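*Asks:* Below: one structure in structure tokens.
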Amino acid sequence: MNKVDVLLGLQWGDEGKGKIVDVLTPKYDIIGRFQGGPNAGHTLEFDGIKHVLHTIPSGIFHDGVENVVGNGVVIDPVILKKEIDALVEMGVDVNKKMLVSKKAHIILPTHRLLDAASEAAKGKEKIGSTLKGIGPTYMDKTGRNGIRVGDLFLPDFKQRYEKLVEKHKQILKFHQFDYDLSELEPAFYEGVGLIKSLTVIDSEHHINNSMLNGKTVLAEGAQGTLLDVDFGSYPFVTSSNTTAAGTCTGLGVAPNRVGEVFGIFKAYCTRVGSGPFPTELFDEDGKTLATVGHEFGATTGRPRRCGWIDLPALKYAIMINGVTQLIMMKADVLDGFDTIKVCTHYDVDGERIDYMPYDIVSKEVTPVYKELPGWKTDLTKLSSIEEIPSELNSYVEYLEQELNVPITIVSVGPDRKQTLMRGKVLA
Ligand code: GDP
Ligand code: IMO
Ligand code: MG
């Protein structure tokens with residue numbers, strides 16, 4: 001029986017998961033999303049086309065590959081319809097290539113309203129949510145009130161919907177939140193109609209049977225480890241398990257069926273939304289990273305906060321996920337720097353530590369840096385790893401030594417082709 005390989009973010013999201021899933025898709029038969037929802041924005045670029053996916057797995061542009069939206073995902077019918085319409089317009093036969101779990105939960109218009117009301121009530125303490133209704137939908141899932149894809153087909157679906165909406169209205173009233181639901185419902189029902197026309201399956205059976213029949217599976221994570229509801233910088237996190245364990249619960253894959261774990265990270269670091277970010281830069285270097293890296297959210301367009309790479313955070317993420325191979329993205333964004341800083345430790349309360357402290361949200365954490373020489377070379381034109389400048393090679397080798405996991409892919413631009421393979425990828 002084959003194993004499921006997993007690709008997930010090691011930082012605060014937007015590491016470049018979409019690009020690399022697309023690059024690796026030809027090696028797999030099935031690509032499966034296991035958590036998150038339209039808070040994700042996964043960008044792919046090829047043949048001069050740039051495309052952003054939110055719910056649909058990033059294997060959708062390849063033929064002969066199944067794209068499974070797993071039970072751990074939350075689906076907004078309105079956004080999914082928009083995504084599908086855009087792909088169909090480009091000639092992608094989504095209906096043929098995509099399968100949706102009956103057990104995935106549905107984001108209602110009132111979940112989005114509740115997200116907005118909750119953020120407004122938090123004021124200065126707000127999470128910086130994407131306002132896609134993610135938190136309220138997962139709350140209804142764990143609160144055992146949610147509506148699942150399979151429920152859309154039930155004769156009493158409308159009553160179930162009304163019952164849950166009634167509950168939401170009470171909370172919105174408590175928040176004194178103004179809204180007009182009648183403006184939102186037509187698009188919701190249109191989206192529900194579209195989901196009912198898709199291939200809806202018991203995805204855990206499908207994935208396991210496919211593995212038994214020799215098929216290969218790549219699980220695609222959303223967000224990043226530092227946004228995990230258990231292990232991220234709580235409460236400034238998302239509402240799902242973004243880590244390797246999320247693959248097990250979000251696709252129905254047993255732990256002993258997980259194979260390679262690809263951990264993906266930027267050669268520096270970004271974060272969008274509120275919360276701690278020890279290596280964040282507020283100077284010219286930070287601005288350069290933001291400008292050269294085009295660091296604006298793929299879902300919300302918000303500017304991303306930028307800073308240097310953070311080894312204590314990466315070591316933590318590697319441990320939690322059991323990462324077997326590392327993928328370093330956006331090395332080209334560092335092309336212009338004379339020197340590159342790497343955070344090796346934090347100073348907290350007069351003590352030097354090399355791990356993320358529990359109270360990272362409330363404590364002052366000062367990063368300790370090591371400086372490495374920059375390469376001052378345009379990496380975007382390189383086509384093989386043999387061509388990389390010696391300074392980049394030293395940077396990669398230094399990180400490998402510190403993190404104790406091989407870096408097997410180095411990305412030097414947003415296009416599919418700007419991907420340098422450095423050794424083993426598939427087991
Ligand atoms: P994801 O959420 O992890 O899929 O990442 P996003 O798509 O939100 O953000 C990554 C951004 O970086 C996108 O705009 C990509 O097109 C871009 N990108 C990916 N890899 C590289 C790279 O190696 N170099 C540069 N310059 N941009 C990249
Ligand atoms: P991808 O998959 C970056 C952040 C939000 C906010 C916090 C909670 O593209 O890497 P939520 O909407 O989930 O309630 O927001 O998490 N966030 C992301 N940041 N990339 C993402 O996804 C994100 N999804 C959520 O900015 O800080
Ligand atoms: Mg993104």
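The values are calculated or read from the model by the stated rules, or taken from the named source; none is laboratory data. From a predicted model like this one, the values you see are computed outputs, not experimental measurements. Cβ atoms come from the backbone with ideal geometry, glycine included; neighbour counts cover every protein chain shown. Accessible surface areas use protein heavy atoms only, side chains included; no ligands, DNA or RNA. Shrake-Rupley method; radii C 1.70, N 1.55, O 1.52, S 1.80 Å.
*Asks:* For segment 228-387, take N as its residue count and report Rg(C-alpha) divided by 2.2 N^0.38 Å. Can you show the working numbers first?
*Replies:* Details: Rg = 16.9 Å, N = 160, 2.2 N^0.38 = 15.1 Å.
Computed over Cα atoms of segment 228-387, the ratio equals 1.12.
*Asks:* So which of Lys315/Lys363; Lys50/Lys102; Lys82/Lys330 end up more than 22 Å apart by C-alpha? Spell out each step's value before the answer.
*Replies:* Details: Lys315/Lys363 20 Å; Lys50/Lys102 30 Å; Lys82/Lys330 29 Å.
Too far apart for the 22 Å limit: Lys50/Lys102; Lys82/Lys330.
*Asks:* To the nearest 10 degrees, how steeply does helix 181-196 sit against the main Cα axis of the chain, on a 0 to 90 scale?
*Replies:* That works out to roughly 80 degrees.
*Asks:* If you line up the long axis of helix 157-174 against the longest principal axis of the chain, both from Cα atoms, how many degrees apart are they, to the nearest 10?
*Replies:* On a 0 to 90 degree scale, this one is about 60.
*Asks:* Using the alpha-carbon atoms, what tilt in degrees (0 to 90, nearest 10) does helix 390-403 show relative to the longest principal axis of the chain?
*Replies:* With rounding to tens, the tilt is 60 degrees.
*Asks:* Using 0.36 nm times the number of residues separating Lys27 and Thr249, minus their current alpha carbon distance, what extension gain do you get?
*Replies:* On the way: separation 222, 0.36 × 222 = 79.92 nm, distance 2.38 nm.
So the chain would gain 77.5 nm between Lys27 and Thr249.
*Asks:* With just the Cα atoms defining each centre, how far is segment 391-427 from segment 85-158? Give it in Å.
*Replies:* So the two Cα centres are separated by 35 Å.
*Asks:* Okay, moving on. With N residues in segment 88-190, what two-decimal value do you get for its Cα radius of gyration over 2.2 N^0.38 Å?
*Replies:* The reported ratio for this selection is 1.21.
*Asks:* At 7 Å along Cα-to-Cβ for each site, give me the label-to-label distance between Gln401 and Lys82 in nm.
*Replies:* In this crude label model, Gln401 to Lys82 measures out at 4.8 nm.
*Asks:* Per the Kirkwood formula on distinct C-alpha pairs, the Rh of segment 348-420 is how many angstrom? Walk me through the numbers before you get to the answer.
*Replies:* Numbers: mean 1/r = 0.0663 Å⁻¹.
Evaluated over segment 348-420, this radius sits at 15.1 Å.
*Asks:* Using θ = phi - 60° and the Karplus relation 6.51 cos²θ - 1.76 cosθ + 1.60, list the HN-Hα couplings for segment 243-253 in order, rounded to whole Hz, with x at every Gly or Pro.
*Replies:* Coupling constants for segment 243-253: 8, 4, 4, x, 4, 5, 7, x, 10, x, 10 Hz.
*Asks:* Using a 7 Å offset from the Cα along the Cα-to-Cβ direction at both Lys50 and Lys287, what is the distance between the two label points in nm, to one decimal?
*Replies:* 2.2
*Asks:* Rounded, prolate or oblate for segment 179-293? Axes are the square roots of the Cα gyration tensor eigenvalues, ordered a ≥ b ≥ c, and the cut-off for rounded is a/c under 1.5.
*Replies:* oblate
*Asks:* So what is the relative contact order for the chain, in percent, with contacts set as C-alpha pairs under 8 Å and at least six apart? Before the final figure, lay out each step's value.
*Replies:* Values: 938 pairs, mean separation 87.2, N = 427.
Worked out over the chain, it gives 20 percent.
*Asks:* Using alpha-carbon positions, what is the distance between the centroids of segment 176-209 and segment 8-68, in Å?
*Replies:* Taking the Cα centre of each part, segment 176-209 and segment 8-68 sit 21 Å apart.
*Asks:* Taking θ as phi - 60°, what are the ³J(HN,Hα) couplings along segment 315-328 by the Karplus curve (6.51, -1.76, 1.60), each to the nearest whole Hz, with x for Gly and Pro?
*Replies:* Values, residue by residue: 4, 4, 5, 5, 5, 4, 9, x, 4, 9, 9, 9, 10, 9 Hz.
*Asks:* May I pose another question? Normalised by the empirical 2.2 N^0.38 Å for globular proteins, what value does the Cα Rg of segment 2-54 take?
*Replies:* Values: Rg = 11.6 Å, N = 53, 2.2 N^0.38 = 9.9 Å.
Compared with the compact-globule rule of thumb, segment 2-54 sits at 1.17.
*Asks:* Taking just the C-alpha trace of segment 10-134, give me its Rg and Dmax in Å.
*Replies:* For segment 10-134, the Cα-based Rg and Dmax read 15.3, 48 Å.
*Asks:* Where does each of Asp140, Asp85 land when they are ordered by accessible area, with a 1.4 Å probe and the largest first? Please report the intermediate quantities before stating the final value.
*Replies:* Working: Asp140 20, Asp85 70 Å².
From most exposed to least exposed: Asp85, Asp140.
*Asks:* Which of Gly336, Leu44, Ile207 sits closest to the plus end of the dipole of the chain, meaning its Cα is farthest towards the positive end, when Lys and Arg get +1 and Asp and Glu get -1 on the C-beta?
*Replies:* Ranked along the dipole, the leading option is Ile207.
*Asks:* Grab the eigenvalues of the alpha-carbon gyration tensor for the chain, scale each by 5, take roots, and send me the semi-axes largest first in whole angstrom.
*Replies:* Working: eigenvalues 245, 136, 73 Å².
Square roots of five times the eigenvalues give 35, 26, 19 Å.
*Asks:* Hey, what number do you get for the chain at 222 nm if only DSSP H runs of n ≥ 4 count, each worth -39500 (n - 2.57), divided across all residues, to the nearest 500?
*Replies:* On the way: 12 runs with 134 residues, N = 427.
So the helix-based figure for the chain works out to -9500 deg cm²/dmol.
*Asks:* Could you work out the relative contact order of segment 9-69, using alpha carbon pairs under 8 angstrom and six or more residues apart, expressed as a whole percent?
*Replies:* Values: 89 pairs, mean separation 22.7, N = 61.
Result for segment 9-69 is 37 percent.
*Asks:* While we're looking at this one, here's another question. Along its three principal axes, how long is segment 68-123 when you only count alpha carbons? Whole Å, largest extent first please.
*Replies:* Reported extents, whole Å, longest axis first: 43, 25, 14.
*Asks:* Here is a follow-up. Just to be sure I understand the curve: with the Debye formula and one point per C-alpha of segment 304-359, what is log10 I(q)/I(0) at q = 0.17, 0.18, 0.24, 0.28 Å⁻¹?
*Replies:* -0.73, -0.81, -1.12, -1.21
*Asks:* While we're looking at this one, here's another question. With a 1.4 Å probe and all protein chains kept in place, how much accessible area does Glu83 have, in Å² rounded to the nearest 10?
*Replies:* Near enough 10 Å² of accessible area.
*Asks:* Here's something else I'd like to know. What Rg and what Dmax come out for segment 133-238 when only alpha-carbon atoms are used, in angstroms?
*Replies:* Looking at segment 133-238, its Cα Rg and Dmax stand at 17.8, 55 Å.
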